[in-house]
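What follows is a set of notes on a single structure, which appears directly below.
Here, each number is a calculation from the coordinates, and none is a lab measurement. Quick caveat: nothing in here was measured; it's all calculated off a predicted structure. Methodologically, a virtual Cβ is constructed for each residue, glycine included, from the backbone with ideal geometry; neighbour enumeration extends over all protein chains shown.
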Amino acid sequence: MPAAPSSDVPLFDDHALTDPYPLYAELRQTGPAVHLKRYGVWAIPRHREVEAILHAPDVYGSEGGVALTELANTQILAGTVLASDGERHVRLRRVLSAQLSPRAIRHLVETVTARAGRLVEAHITDSGFDAAKLSRDMVCDTVMELMGLPEETRDYLLTGAAATFEGFGPDNERFQRALPAASRMVQFLHEAVRRDTVTPGSWMAAIFRAVDDGQIDEKDAIPLASAYTAASMDTTILGLTNAITQLARRPRQWELLRADPTRATPAFHEALRFDAPIQGFGRLVTQTTDIGGVRLEAGEQVWLLYGSAGRDRRIWGPRADAFDIRRPRADRHLAFGGGPHLCAGIPLAELQARALLRALATHCTRLELAGQPVRVLNNLLRGLSQSPVAVERARAPRPAA
Ligand code: HEM
């Protein structure tokens, strides 16, 4: 029997985090499942297998397997919706879905659209704007209000969420540095998110209502609340910043969006395919299985490389490494995961992206990168913390289509 494919790639060192794509290409070339010797986990680098695993929760569980260290799996993630399976997952997820479904998000359209217009007008000056700062304000203004947490906790939550994502990675220096902030975040949630502190009618208030109605236990409330604080901000901020930056790099793509603003949502999906804000998540193998002829035993772990799946030529063709907002069905990407744990926040993320890209298309005839963007280095997250963009402003902004 041939030896199982394996690799020594340093997937989480600074060089790889800066530009992981050559390593991803090497892994895709090596096999459908590649044992990463440094981390003791099976990398799944191709789109097809990542998708299949996401849809097989009975064989690939989330509980105890989403992060790369036991500490994160048993402490930081214990009891969360992300790290639960089966009936328990369905029960927890139902509480979030009631707030995040397309129907629930529909009533936000007017507010979010107006906010995007206001922010674009406020951020754009003659010297341009920072796409990361604009995206941060857009997302934080939207979700802080929805979550029902005090505005002054915004910066704290952003720092804590980024640290939580570091904590998903291997036990490297980055992980060790982030641990205190990730633990403080858990503690903060326990202390600050209470029935008497959250805004009535908010997402957090709905969690306590679910406890009072007997849908979930009291002990589930805070782990469930962490889904909102960790999942809803950095992900969307990085996705939006990247979408604007990629458009600013390519004048022709910007023209295409301006000519047809209904391309805003496809442009956002193309940006997510091109650079997944969450590069990977794990699953625990719960029964002996086979991935394209590679045998995996119960107790082993797979690392689903969403970022690599987005560049897989087997599905995206020879132009997988090109950014093109006309790409047919770019929304097949796996940057939102898939299967039972498919991102619960897609309607909200799409709404914010549509509103912001359309507002920019209304106000700017031209975008251009005005300096070197600054990259976020994080065990899990991919994106930019600064992205200076120069603009040519529309004389009389035409109304968004
Ligand atoms: C561009 C923006 C976003 C990206 C790229 C993203 C990405 C993801 C991914 C990859 C997962 C799947 C986790 C897995 O495979 O186990 C996920 C789950 C989740 N996301 Fe998002 N997300 C985004 C925005 C949001 C927003 C705005 C919210 C709103 C609160 C949100 C809430 C959640 C929740 C609650 C889950 C857990 C679902 C479950 O375990 O059943 N996300 N997200």
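Taking H as built 1.01 Å from N, whose amide H comes closer than 5 Å to the amide H of residue 6, not counting residues under 5 places away?
Amide H to amide H, under 5 Å and 5 or more residues apart or across chains, residue 6 pairs with 35.
In what sequence do 107, 269, 47 fall when counting other Cβ within 10 Å, fewest first? List each step's numbers first, then the result.
Numbers: 107 8, 269 22, 47 25.
Final ranking by Cβ density, sparse to dense: 107, 269, 47.
State whether the range 1-134 is rounded, prolate or oblate according to the following rule on the C-alpha gyration tensor (a ≥ b ≥ c being the square roots of its eigenvalues): a/c under 1.5 gives rounded; otherwise a/b larger than b/c gives prolate, and the remaining case gives oblate. Mind dumping the intermediate values first?
Details: a/c = 2.46, a/b = 1.39, b/c = 1.77.
Verdict is oblate for the range 1-134.
Given +1 on the Cβ of Lys and Arg, -1 on the Cβ of Asp and Glu, and no further charges, what dipole in debye does the range 298-401 carry about its Cα centre, rounded to the nearest 20? Walk me through the numbers on the way to the answer.
Values: 16 positive and 8 negative charges, 90 e Å.
Dipole of the range 298-401, to the nearest 20 debye: 440 debye.
Starting from the amide H of residue 386, placed 1.01 Å from N in the peptide plane, find each other amide H under 5 Å away whose residue is 5 or more places distant or on another chain.
Counting only residues 5 or more places away or on other chains, the set is 374.
Based on alpha-carbon centroids, what's the gap between the range 266-301 and the range 355-399 in Å, whole number please?
Centre-to-centre (Cα) distance: 30 Å.
Out of 391, 355, 97, whose Cα points farthest toward the positive end of the dipole of the chain (charges: +1 Lys, Arg; -1 Asp, Glu; placed on Cβ)?
So the residue we want is 391.
Tell me, what HN-Hα J-couplings in whole Hz come from the Karplus equation 6.51 cos²θ - 1.76 cosθ + 1.60 at θ = phi - 60° for each residue of the range 33-48, using x for Gly and Pro?
Once rounded to whole Hz, the list reads 9, 10, 6, 8, 4, 5, 10, x, 9, 8, 6, 10, x, 9, 4, 4.
Give the shape of the range 254-325 as rounded, prolate or oblate, defined through the alpha-carbon gyration tensor: a ≥ b ≥ c are the square roots of its eigenvalues, a/c under 1.5 means rounded, and otherwise the shape is prolate if a/b is larger than b/c and oblate if not. Please report the intermediate quantities before stating the final value.
Numbers: a/c = 4.26, a/b = 2.65, b/c = 1.61.
Verdict is prolate for the range 254-325.
Cut-off is 10 Å between beta-carbons; in what order do 316, 254 appear when sorted fewest neighbours first? Could you put the intermediate results ahead of the total?
Working: 316 20, 254 23.
The order, fewest Cβ neighbours first, is 316, 254.
Assigning unit charges at the beta carbon (Lys, Arg +1; Asp, Glu -1) and nothing else, what dipole magnitude in debye, to the nearest 20, does the chain show about its Cα centre?
Working: 47 positive and 47 negative charges, 303 e Å.
Once rounded to the nearest 20, the dipole reads 1460 debye.
Treat the count of other C-beta atoms within 10 Å as a stand-in for reagent exposure and order 145, 87 from fewest to most. The partial results should precede the final answer.
Numbers: 145 16, 87 8.
Ranked by crowding around the Cβ, least crowded first: 87, 145.
Which of the three applies to the chain, rounded, prolate or oblate, going by the alpha-carbon gyration tensor with a ≥ b ≥ c and a/c under 1.5 meaning rounded? Write down the numbers at each step before the final one.
Numbers: a/c = 1.76, a/b = 1.16, b/c = 1.51.
Cα axes put the chain in the oblate bin.
Please report how far the C-alpha centroid of the range 132-173 lies from that of the range 1-66, rounded to the nearest whole angstrom.
When both Cα centres are located, 27 Å separates them.
Run the helix sum for the chain: -39,500 (n - 2.57) per DSSP H stretch of 4+ residues, divided by residue count, reported at 222 nm to the nearest 500 deg cm²/dmol.
Numbers: 17 runs with 191 residues, N = 401.
Calculated from helices alone, the mean residue ellipticity at 222 nm is -14500 deg cm²/dmol.
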